[in-house]
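The values are calculated or read from the model by the stated rules, or taken from the named source; none is laboratory data. Predicted, not measured: the structure shown is a model, and the values here were computed from it. Note that each Cβ is placed from the backbone with ideal geometry, even for glycine, and that neighbours are counted across all protein chains shown. Note: accessible area is taken over every heavy atom of the protein model, side chains too, but ligands, DNA and RNA are not part of it. Shrake-Rupley method; radii C 1.70, N 1.55, O 1.52, S 1.80 Å.
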Amino acid sequence: MPYYTKHLKNNEELIKVIHQPGLVFFKPVLGALIFIILPFFLMFLLFRWQETGLVLFFILLIIGLIAIFRAMALWSGNVFLITNQRVVLFKQRGLFDKQVWEADFEDIQDIAYRVKGFWQTVGNYGSIRVQILNSENSLIVSNFPKKRNITTDNRSFCINSSVCLQRFNN
């Protein structure tokens, strides 16, 4: 959490930090675990090949470890922050590719939620589209957990039952 607090403005409080659910990373982690476990199953065969087998053993192991590290970096880098003044979306697309979007609370016009496919239905997560006032672009939060109570009106909007923010109109 300290990493995200450095992105806060003056007099801004962090209300909620929301990560993607772990089910989103099931396939990448499964693939990485296969690359980590496979060399140990093939260890006797690979070691019979002497140097070539040893090199293959470590190459497969390193690929698996890099894939696990990448999945952990993507999980920790894909975050939706809700503060008392704005919402901020951090999208980590790769190890060296990060995008940050933000919208002040006063500029949020509408919120829509979409659950698409089997895994999102089973995993109880979906995507949120935050429509910004006077803008054709929307802020899209992919793989948002717990699709409950997403409501909006002229005075407040709620995301989940635990996060509800009041709009302050002057």
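The condition of being modelled with pLDDT under 95, open to solvent by 40 Å² or more (accessible area, probe 1.4 Å), closer than 20 Å to GLN92 by Cβ and part of a helix (DSSP H, G or I) holds for only one of PHE69, PHE44, that being PHE69.
Residue by residue, here is whether (1) on the phi < 0 side of the Ramachandran plot; (2) assigned to a loop (DSSP other than H, G, I, E, B); (3) surrounded by fewer than 16 Cβ atoms within 10 Å (Cβ to Cβ); (4) among the aromatic types (Phe, Trp, Tyr) holds:
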position	(1), (2), (3), (4)
LYS9	yes, yes, yes, no
ILE36	yes, no, no, no
GLY53	yes, no, no, no
ILE59	yes, no, yes, no
ALA103	yes, no, no, no
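Apart from one condition, ARG114 fits all of (1) open to solvent by 80 Å² or more (accessible area, probe 1.4 Å); (2) touching a Lys or Arg at 6+ places or on another chain (Cβ under 9 Å); (3) under 30 Å from ILE36 (Cβ atoms); the exception is (3).
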